[in-house]
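The next block holds one structure in the form of structure tokens; read it before the comments.
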Amino acid sequence: MKFKQFLLLSVGALACLIATGTQASERVITVASTTSTDQSGLFGHILPIFEKESGIKVRVVALGTGQALDTARRGDADVAFVHDKAAEEKFVAEGSGVERKEVMYNDFVLIGPKTDPLHTRGNDIVEALKKVAAGNGAFVSRGDKSGTHAAELRFWKMASLEERMGAGYKSCGCGMGPALNMASSTGAYVLADRGTWLNFSNRADLAVLVEGDKRLFNQYGVMLVNPAKHAHVKVTEGQKFIDWLTSAAGQSVIAGHKIGGEQLFFPNAAR
């Protein structure tokens, strides 16, 4: 082998070793989370602070809560950060998660045309949905097994209308942002989490019509994926992220996420 060829091969091999070493030294976790934590801008606010303090990079996979938990069940995430308490408790009970910790909360709101043609405005979500169904009003459902979709289905059930939502009911199978865009373009009603709504700019003629009902409470929880089921889970780094979210420092950062002076999420430490 000529010296020049040998030198090139040696340099290439050295570069590969350096790259491999760099990758091995990187501390990266994958968090399966909801579209609301992503589309509300929360992660854009908190992650740079956590990453700077911890040296741990966070890769977010933003899906509906049901899909996020399924991602975690397959071992394709280290941490699940979602908002459907019943589904989260099941996730832990079946052994897919180690422990559920409550992180923050906000609320759901019913969004609709400012003119409110079906007279839903008020603080009673069940009565509002009854009016939407009775008037065959246009209603956009996430239809994606997300935490918001699960809450919506609970409210229809409370109204005894699980199978009778009205002729205007449409399921998009999409995230919160796209659902709001559909409602905006069609003048429809839609259930949304307040965080995504506050960060949503394409409002057109939409407004908050129903809020303040205690049943609209929206709790978020976080869980480490069980390493007993998936040995590759980054336990140390994942637990460090969870501990930071629930610490005084992390809770303060969450509380600091505001749009137009309005707070999007409230830390559980404040309850």
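Comparison of Gly173, Gly212 shows that the only residue that is part of a loop (DSSP other than H, G, I, E, B), surrounded by fewer than 17 Cβ atoms within 10 Å (Cβ to Cβ) and in contact (Cβ under 8 Å) with a residue 60 or more places away in the chain is Gly212. Under the condition of being of a type outside the set (Gly, Ala, Ser), in contact with a Leu (Cβ under 9 Å, 6 or more places away or on another chain), over 29 Å from Ser184 (Cβ atoms) and in a strand (DSSP E or B), the residues counted in segment 65-101 number 4. Among the residues of segment 193-209, the ones that are more than 28 Å from Ala80 (Cβ to Cβ), of a type outside the set (A, V, I, L, M, F, W, C) and in contact (Cβ under 8 Å) with a residue 60 or more places away in the chain come to 1 in all. When Leu180, Leu118, Leu191 are screened for being assigned to a loop (DSSP other than H, G, I, E, B), among the hydrophobic types (A, V, I, L, M, F, W, C) and crowded, with 22+ Cβ neighbours inside 10 Å, only Leu118 passes. The condition of being closer than 27 Å to Arg194 by Cβ and hydrophobic (A, V, I, L, M, F, W, C) holds for only one of Ile46, Ile29, Ile56, that being Ile46. Against the conditions (1) surrounded by fewer than 18 Cβ atoms within 10 Å (Cβ to Cβ); (2) free of Cβ contacts under 8 Å to residues at least 40 places away in the same chain; (3) closer than 24 Å to Gly256 by Cβ, Ile49 satisfies every one except (2).
Out of Gly66, Gly97, one residue alone is more than 25 Å from Ser252 (Cα to Cα) and surrounded by fewer than 23 Cβ atoms within 10 Å (Cβ to Cβ). It is Gly66. If you go through segment 258-270 and keep only what is surrounded by fewer than 20 Cβ atoms within 10 Å (Cβ to Cβ) and either at negative phi or not in a loop (DSSP other than H, G, I, E, B) (or both), you end up with Lys258, Ile259, Glu262, Gln263, Phe266, Asn268, Ala269, Ala270. On the stretch given as segment 238-249, residues that are in contact with a helix residue (DSSP H, G or I) (Cβ under 8 Å, 6 or more places away or on another chain) and more than 20 Å from Tyr105 (Cα to Cα) total 1. Val225 passes every criterion in (1) crowded, with 19+ Cβ neighbours inside 10 Å; (2) within 16 Å of the chain's Cα centre (by Cα) apart from (2). Every condition in (1) outside any strand (DSSP E or B); (2) open to solvent by less than 40 Å² (accessible area, probe 1.4 Å); (3) touching a helix residue (DSSP H, G or I) at 6+ places or on another chain (Cβ under 6 Å) holds for Met104 except the one numbered (1). Within segment 28-64, the residues that satisfy the criterion of being assigned to a helix (DSSP H, G or I) and either of a type in the set (S, T, N, Q) or at positive phi (or both) are Thr35, Ser36, Thr37, Gln39, Ser54. Does segment 141-154 include one or more residues that are out of contact with any Pro (no Cβ under 7 Å at 6 or more places or on another chain), farther than 21 Å from Asn218 by Cβ and either of a type in the set (Asp, Glu) or surrounded by fewer than 16 Cβ atoms within 10 Å (Cβ to Cβ) (or both)? Checked segment 141-154: no residue is out of contact with any Pro (no Cβ under 7 Å at 6 or more places or on another chain), farther than 21 Å from Asn218 by Cβ and either of a type in the set (Asp, Glu) or surrounded by fewer than 16 Cβ atoms within 10 Å (Cβ to Cβ) (or both). Screening the candidates Gly44, Gly97, Gly66, Gly75 for the property of being within 24 Å of Ala183 (Cα to Cα) and either touching a Pro at 6+ places or on another chain (Cβ under 6 Å) or not charged (D, E, K, R) (or both) yields one hit, Gly66.
The values are calculated or read from the model by the stated rules, or taken from the named source; none is laboratory data. Just so you know, these numbers come straight off a predicted model, no measurement behind them. All Cβ positions, glycine included, derive from the backbone under ideal geometry; neighbour counts span all protein chains shown. Note: areas computed on protein heavy atoms with side chains; ligands, DNA, RNA excluded. Shrake-Rupley method; radii C 1.70, N 1.55, O 1.52, S 1.80 Å.
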